[in-house]
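Contents: one structure, followed by commentary.
A short reminder: the numbers here are calculations on the coordinates, not readings from a lab. For clarity, every value in this text was computed on a predicted model and none was experimentally measured. For neighbour counting, all protein chains shown are included, and Cβ atoms are generated from backbone atoms with ideal geometry for every residue, glycine included.
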């Protein structure tokens, strides 16, 4: 998740020692850890400082017929052309009138296909509108499985519950490892490497315009969120990013789940930093250190400025790294 207004205040209130989930494991591989409040979704959105009424949708054009929309939640990649409109991620139903207006300015009449990079609310809740209107929804198969049931999403200092999606908002088409679209003169490759940000992540590579949307496996707005309680995995984050890095070239435009469009070089740096942090946290775990000890050791300190990390956000990131690395 991106850096959010109010997040630091929440961390200061809750404290680093309360960074786990009252409801226990949400995934068979997750650990049961000390309690933290599970707040309603609307309360959590207020904590994030997200206001749908005040949000504007900004468009960045990366190539002819290929654009990125920025609003609240995950970045939306857009392919518009003679075959119709394909988008990657769809944010929130409350923003759909503004998203549709932005798409109309790009020449889109309707959304024919929406690819969900994963199942989290800020990337897939727009399904609630688009699915009812007849858009074909595509995701990795594990994401559809997650959409079938309620799940608690544990951010570390607090958590929220994401409800199961109704039938019309579920993925119509799923894939396991790879899939291809041929639309608008684009060869579009969908790639799943394994558990990373979630268990159902998809990278979407647009070969014609040489761009990739990585969802929240790559966050260009701070440290990433690893949904460890639902099977997300720190080692998998690194492996997933490396696999995508190796599948693109130095000219590829990299669309992160959050933050500005960037480059393959920035993705390489992200991989290097995650690897260093993973190794440092693992070494402390091997020494028998507790999570509080690990937070106090400041294993990210030399990267915090580079990643524009609010000091009070770091414990949340470390808690999810720790949960991933200590999972049974």
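Hey, how many Å between the Cα centroid of region 80-153 and the Cα centroid of region 257-328?
Going from one Cα centre to the other spans 30 Å.
Going by alpha carbons, how many degrees (0 to 90, nearest 10) lie between the helix axis of 234-247 and the longest principal axis of the chain?
Once rounded, the angle reads 40 degrees.
What fraction of the DSSP beta bridges in the chain is antiparallel, stated in percent and rounded to the nearest 5?
Antiparallel bridges make up about 70 percent of those DSSP assigns within the chain.
Between 0 and 90 degrees, rounded to the nearest ten: what's the tilt of helix 314-325 against the longest Cα principal axis of the chain?
Its long axis makes an angle of about 90 degrees.
Please determine, in degrees from 0 to 90 and to the nearest 10, the orientation of helix 96-105 with respect to the longest principal axis defined by the Cα atoms of the chain, where the helix direction is its Cα long axis.
With both axes taken from Cα atoms, the answer is about 50 degrees.
Note down the relative contact order for region 219-328 as a percent, whole number, built from C-alpha pairs under 8 angstrom at least six residues apart.
Value for region 219-328: 39 percent.
Which number do you get for Rg(Cα) / (2.2 N^0.38 Å) in region 118-277?
1.01
Please report, in whole Å³, the volume per residue of the convex hull around the C-alpha atoms of region 7-325.
Cα-based convex hull of region 7-325, divided per residue, equals 118 Å³.
How do 306, 37 line up, fewest other C-beta atoms within 10 Å first?
Fewest-to-most Cβ neighbours within 10 Å comes out as 306, 37.
With labels modelled as points extended 7 Å from the Cα through the Cβ direction, what inter-label distance (nm, one decimal) is found for residue 163 paired with residue 293?
Label-label distance for residue 163 and residue 293, simple model: 4.4 nm.
By its C-alpha gyration tensor, with a ≥ b ≥ c as the square roots of the eigenvalues, how is region 266-320 shaped: rounded for a/c under 1.5, else prolate for a/b larger than b/c, else oblate?
Note, shape of region 266-320 comes out oblate.
I want the antiparallel fraction of DSSP beta bridges within region 110-251, as a percent rounded to 5.
Within region 110-251, antiparallel bridges account for around 75 percent of the total.
Averaging the inverse of every distinct alpha carbon separation and then flipping it gives the Kirkwood radius. What is it for region 37-86, in angstrom units?
13.0
Please report the relative contact order for the chain, taking Cα pairs under 8 Å with a sequence separation of at least 6, and give it as a percent rounded to a whole number.
19
Let me make sure I get this right: for region 49-112, a, b and c are the square roots of the gyration tensor eigenvalues over alpha carbons, sorted descending. Under 1.5 in a/c it's rounded, otherwise prolate if a/b > b/c, else oblate. Which is it?
Judged from the Cα gyration tensor, region 49-112 comes out prolate (a/c at least 1.5, a/b above b/c).
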